[in-house]
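Q: Take this structure, written in structure tokens, and hold onto it; I'll ask about it next.
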Amino acid sequence: MGKGTLFRRFGDKSGLAVALLDERERILQEEILFGPAPLGPGNGSDEVPSPGERLRAFVSAYLDYLLDHLDLVRMSETAVPGARYRIGAYRFWHRHVSLLLAGRDDPVADAHTLLAALAAEHVRAVRDELADERLRRAVLALVGAFCP
């Protein structure tokens, strides 16, 4: 398959990366919407997790996904300026985090702030210095600042 065929189908590198990540993102989204607590809402017979518990579970699950696919996520977010914010998955993550932060003064802005720490470009830039566990602790500490 030629390069031209790929770009006609996907538009750019970002579109190609988004297509390659689509199935894994869909699985994570389904776990958030329908899965067991605390990542998901549970099945109704379980104890309902607090928004803070769900947010911690989301950040942990998202970090697992991000660290496993860092180069591809980075390409999807940076191949074109502003691509990260136009991707449907980002809008889903942002809406989910905003809902979990609904009790705060400005959950929309707070969700963007928290998700900024999970940007692939940022994670790639600091991963070598911090290593995965230290990075995870730092982002979860940020969650703790939003959901004490």
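The values are calculated or read from the model by the stated rules, or taken from the named source; none is laboratory data. Given the structure is predicted, the values throughout are model-derived calculations rather than measurements. Virtual Cβ from ideal backbone geometry, glycine too; neighbours counted across all protein chains shown. Calculation scope for accessible area: heavy atoms of the full protein, side chains included, ligands and nucleic acids excluded. Shrake-Rupley method; radii C 1.70, N 1.55, O 1.52, S 1.80 Å.
Q: Inside segment 47-148, counting only helices (runs of 4 or more DSSP H) that do not spill past its ends, which hold 2 or more residues that are out of contact with any Cys (no Cβ under 8 Å at 6 or more places or on another chain), on the phi < 0 side of the Ramachandran plot and polar (S, T, N, Q)? Full working, then the answer.
A: Working: elements: 51-68, 70-78, 83-86, 88-100, 107-116, 120-146.
By residue number, 70-78.
Q: Now for a different question. Kindly indicate the residue of segment 29-44 that is over 15 Å from L100 (Cβ atoms) and part of a helix (DSSP H, G or I) and also most open to solvent (accessible area, probe 1.4 Å) among those meeting that condition.
A: My answer is F34.
Q: Among the candidates A141, A79, A111, A57, which residue alone is out of contact with any His (no Cβ under 8 Å at 6 or more places or on another chain), surrounded by 13 or more Cβ atoms within 10 Å (Cβ to Cβ) and either modelled with pLDDT of 95 or more or of a type in the set (D, E, K, R) (or both)?
A: Answer to the selection: A57.
Q: Moving on to the next point. Would you point out which residue out of E25, E47 is at pLDDT 70 or above and open to solvent by less than 50 Å² (accessible area, probe 1.4 Å)?
A: Criteria check complete, one pass: E25.
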